[in-house]
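Structure, as structure tokens:
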Amino acid sequence: MTAGTGPGRVLLRVDTGACCRSGACSLVAPDLFDQGDDGKVVLRTPHPPDDLLEAAEEAADYCPVSAIQLETLPE
């Protein structure tokens, strides 16, 4: 994924059913992810701004169950 795609051009998705409550996402990218009372991931925004794309990718990479997906939207 390449930075500079413009705000809203990337869609961030989480599979809360697959979430194992590791908390890695909220540690790596606290502006994008939080944890609910049950410990599962809470997505703060589905469209990360350009300055948070790298953090979103890193969070997806660190998720032990691949519950975080990033998709580049067509222009």
Exercise for the section: Take the solvent-accessible surface of the protein heavy atoms, probe 1.4 Å, and return the percent of it on the chain that carbon and sulfur atoms account for. Expected result: 47
Exercise for the section: Using amide H atoms built 1.01 Å from N in the peptide plane, name the residues 5+ places from F33, or on other chains, whose amide H lies under 5 Å from its own. Expected result: R44
Exercise for the section: Rounded to whole Hz and in sequence order, give me ³J(HN,Hα) for the stretch 60-73 from the Karplus expression 6.51 cos²θ - 1.76 cosθ + 1.60, θ = phi - 60°, writing x for Gly and Pro. Expected result: 4, 5, 7, 5, x, 10, 6, 7, 10, 10, 10, 10, 7, 7
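The values are calculated or read from the model by the stated rules, or taken from the named source; none is laboratory data. This structure is a prediction, so every number in the text was calculated from the model and none was measured. The protein model used for the area step is the full one, side chains on, heavy atoms only, and it has no ligands, DNA or RNA in it. Shrake-Rupley method; radii C 1.70, N 1.55, O 1.52, S 1.80 Å.
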